[in-house]
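The values are calculated or read from the model by the stated rules, or taken from the named source; none is laboratory data. For clarity, every value in this text was computed on a predicted model and none was experimentally measured. Note that we place each Cβ from the backbone using ideal geometry, even for glycine, and neighbour counts take in every protein chain shown. Please note that ligands, DNA and RNA were not included when accessible areas were found on the heavy atoms of the full protein model with its side chains. Shrake-Rupley method; radii C 1.70, N 1.55, O 1.52, S 1.80 Å.
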Protein chains: 2
Amino acid sequence: MVRLANNHISIDCVVLGFDGSNLRVLLVKRSGKDENGEYNDMKLPGSLIYQDEDLDEAAMRVLHELTGVKDVPLQQFKTFGSKDRTRNLRDIVWLERAQQAHVERIVTVAYFAIVKLDAAMQRLVNRESAEWVPVGEVGTLAFDHNLIIAEALKSVRREVENNRSILFDLLPKKFTASQLRTLAEIIHGKELDVRNFHKKISQMPYVVPLEERQKGVAHRAARYFKFDRKIYNTSR
Amino acid sequence: MVRLANNHISIDCVVLGFDGSNLRVLLVKRSGKDENGEYNDMKLPGSLIYQDEDLDEAAMRVLHELTGVKDVPLQQFKTFGSKDRTRNLRDIVWLERAQQAHVERIVTVAYFAIVKLDAAMQRLVNRESAEWVPVGEVGTLAFDHNLIIAEALKSVRREVENNRSILFDLLPKKFTASQLRTLAEIIHGKELDVRNFHKKISQMPYVVPLEERQKGVAHRAARYFKFDRKIYNTSR
DNA sequence: ACAAAAGTGTTTAATATACACCCATGA
DNA sequence: TCATGGGTGTATATTAAACACTTTTGT
């Protein structure tokens, strides 16, 4: 049994991926019983803090346990400590069963992470009772996790404003101009002109065109691009 | 005696004001004894969380107790929970005396507030064993409070980028163009061209020129301006 | 008269926006 | 040959940046 720092402080992770047309958030399944019998719903991956770890370490641990990946940059974005964030009876019962102790209030420090939603990540769906849910289709989650996701999206948008390289963390290594544009449109919340967007890409030295093109598509094959982080870091 | 939610979660406030040429941060004095005898140093105003209050409420309470002002917008910007943020022996002894209990770790949720450093605020210096210290002259503080201030300044800079009205919260009701420019230079960390700055002001409908001018200065008297929040809110 | 800060325009460069048609490919 | 999405250029408007001298006031 791991020693906890205490049972008042937790972290939750909003892990975001991009499937080519939608942003998706990684949720874990939760089940229990309440006055209406058994229920199944979902929550953000999270954990209480262990005795010997920092907040950031706890967030990395949760992400690593769930996805197997290490070294994913996690960013703390907000702490939620409303006294009625555990107002829902179902949540209280679930917590006290999980912790086998009376729980008064849990303050949670929320992190977001940006990952490439590749085949390995997709496989989580079965293996870990986790699921990649499009952010537009997230149902009612445990605790205030819907609020946490909403705030995460705001923070991600702000972050992208002053660090464009985050967009490329969401894309596969090779991507088309229209994938990049679709993603940018989702993040900025508005449509972007195709020609102006191509112009902009061509002025970004760190978005390098490849010779490789799409295959087997029923239309003109799109060129692939890659993101060159070295050039990005030196070019500003 | 007030009931605490627990002794693991606190809030700290980075309260910032502008004296016309420097940003200043509000610090409170701390004294105690360590192996070298008595010491006096400073810390950020802060508090553990009470049983019946949210994080934001705790921050407002601390600010109100110290300054007497209510309704100052406080903004949560980061949570500090490194396990060695209470690494310093002096801090541990001080905490355990203050709380009369063993303390393992305290996670603190940090807020910043922006206030007008007017005469009433200045008077705090004596009355409350508090002091307005220029951010460039802050010595070594308790805990990780130097780090917290540094992060607060980063957050304020980011905030000002997408909400210019914050600048005007730091200025007196009537201010000159050069006060506004000096403040903007401090926040942005670079000098601004005087002519371009005047041009920009004149294009901001919410910065309204007054007929009143400086008096008794040994040079051409500067015009005063005021900030009109109504116009600001409707003009974008 | 002088010291000290206030105030004032123009030119140029960079960036953002609007807009319509042809191209390549598989079915 | 048709349906589908890929790819391209020019003109205009907006915003940012560079730059030097005159004005007002108290001492």
| remark: Residues whose modelled amide H sits under 5 Å from the amide H of B:Lys78, counting only those 5 or more places away in sequence or on another chain, are B:Ala110
| Over chain A: helical MRE at 222 nm, DSSP H runs n ≥ 4 each giving -39500 (n - 2.57), nearest 500 | -10000 deg cm²/dmol
| said: Sequence gap at least 6, Cα distance under 8 Å: using those rules, report the relative contact order of chain A to the nearest whole percent. | reply: 22
| query | What is the helix-to-structure angle for B:145-161, meaning the angle in degrees between its Cα long axis and the longest Cα principal axis of chain B, kept from 0 to 90 and rounded to the nearest 10? | reply | 30
| With springs only between Cα atoms under 10 Å, which of B:Ile49, B:Ile114, B:Ile92 fluctuates most in a Gaussian network model of chain B? | B:Ile92
| note | The pairs in A:Lys33/A:Lys83; A:Lys70/A:Lys174; A:Lys43/B:Lys78; A:Lys174/B:Lys83; A:Lys230/B:Lys43; B:Lys43/B:Lys199 lying past 31 Å Cα-Cα in this model are A:Lys174/B:Lys83; A:Lys230/B:Lys43; B:Lys43/B:Lys199
| What are the residues whose amide H is under 5 Å from the amide H of A:Leu23, where those residues sit 5 or more places off or on another chain and H is modelled from the backbone? | A:Val135
| request: Sort out for me the Cα centre separation of the stretch B:103-117 from the stretch A:106-144, rounded to whole Å. | output: 30
| note | Share of Cα-Cα pairs in the protein assembly as shown beyond 35 Å, whole percent, is 45
| task | Give me the percent of the accessible area of the stretch B:9-161 that comes from carbon and sulfur atoms, probe 1.4 Å, all protein chains in place. | result | 46
| query | How much FRET efficiency would the formula 1/(1 + (r/R0)^6) give for A:Glu212 and A:Asp34, where r is the Cβ-Cβ distance and R0 is 60 Å, rounded to 0.05? | reply | 0.65
| message | Give the separation of the Cα centroids, the stretch B:1-71 to the stretch B:172-186, in Å. | response | 28
| message | Given R₀ = 30 Å, what would the calculated FRET efficiency be for A:Ser21 paired with A:Lys200, taking r from the Cβ atoms and rounding to 0.05? | response | 0.90
| query | Between chains B and A, what is the buried accessible area summed over both chains (1.4 Å probe, protein heavy atoms, nearest 100 Å²)? | reply | 1900
| message | How much accessible area per residue does the protein assembly as shown have, counting only protein heavy atoms and a probe of 1.4 Å, in square angstrom? | response | 55
| note | at A:Val208 the sorted inter-copy label distances (label 7 Å from Cα on Cβ side), in nanometres, are 5.7
| Using θ = phi - 60° and the Karplus form 6.51 cos²θ - 1.76 cosθ + 1.60, what ³J(HN,Hα) does each residue of the stretch A:10-27 get, whole Hz, x for Gly and Pro? | 10, 10, 10, 10, 9, 9, 10, x, 10, 9, x, 9, 9, 6, 10, 10, 7, 10
| remark: Between the Cα axis of helix B:55-67 and the main Cα principal axis of chain B, the angle (0 to 90°, nearest 10) is 70
| query | Helix A:177-188 sits at what angle to the longest principal axis of chain A, using alpha carbons and giving 0 to 90 degrees rounded to 10? | reply | 40
| query | Based only on Cα atoms, what Rg/Rh ratio does chain A have, Rh being taken as Kirkwood's radius? | reply | 1.02
